[in-house]
Amino acid sequence: MNRQRGLSLVSTLIVGAILLGGLVLGLKVVPVYSEYFEIKKAFSKVVSSLEPTASPTEFRNAFLRFAQAGYITSVDPQTIEVLKENGKASLHIEYDQKVTLFANVSLLFEFSVDSD
């Protein structure tokens, strides 16, 4: 006597629900990390495009131009720290981003970005 193999209807629904949950989670998380990498890229471009002797306002204005082009909305240019050490300039920011999954369930991402 041969036994049937495979998933039952209930187990298929459970596997489908798990896959759907993973897909929804991925669709919520990917834009957050995409923006993080855009911020890192913008910081690198700003530091390489300006002289280390430029003022902090010039660094922030240059970041603002890259932020507008890269659709960066999570970072306020005024909160960026401009550090100058040993004739080199670097940018630093720490920011949080909250993503609502459903109802009162959210994910909180804490980022620390340096231009190095």
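The values are calculated or read from the model by the stated rules, or taken from the named source; none is laboratory data. Every value quoted in this text rests on a predicted model; they were computed, and no experiment measured them. Backbone-built Cβ (ideal geometry, glycine too); neighbour counts: all protein chains shown. Protein only, heavy atoms only, side chains kept; ligands, DNA and RNA dropped before computing areas. Shrake-Rupley method; radii C 1.70, N 1.55, O 1.52, S 1.80 Å.
Pick from Ser55, Ser34: which is surrounded by 11 or more Cβ atoms within 10 Å (Cβ to Cβ) and of a type in the set (S, T, N, Q)?
Ser34
Can you go through Thr100, Thr57 and tell me which one is closer than 18 Å to Phe111 by Cβ, out of contact with any His (no Cβ under 6 Å at 6 or more places or on another chain) and not charged (D, E, K, R)?
Checking each option against the conditions leaves just Thr100.
Can you tell me which of Val46, Val99 is touching a residue at least 40 places away in the same chain (Cβ under 8 Å), surrounded by 11 or more Cβ atoms within 10 Å (Cβ to Cβ) and in contact with a Pro (Cβ under 9 Å, 6 or more places away or on another chain)?
Just a single option satisfies the conditions, and that option is Val99.
Quick check on my filter: what residues within region 69-96 are more than 20 Å from Phe111 (Cα to Cα) and either in a helix (DSSP H, G or I) or open to solvent by less than 50 Å² (accessible area, probe 1.4 Å) (or both)?
Selection gives Ala69, Ala89.
Just to be sure before I move on: is Ser112 polar (S, T, N, Q), touching a Leu at 6+ places or on another chain (Cβ under 6 Å), open to solvent by less than 70 Å² (accessible area, probe 1.4 Å) and in a strand (DSSP E or B) in the structure I sent?
no
In region 14-32, is there at least one residue being within 17 Å of Ala89 (Cβ to Cβ), hydrophobic (A, V, I, L, M, F, W, C) and not in a loop (DSSP other than H, G, I, E, B)?
no
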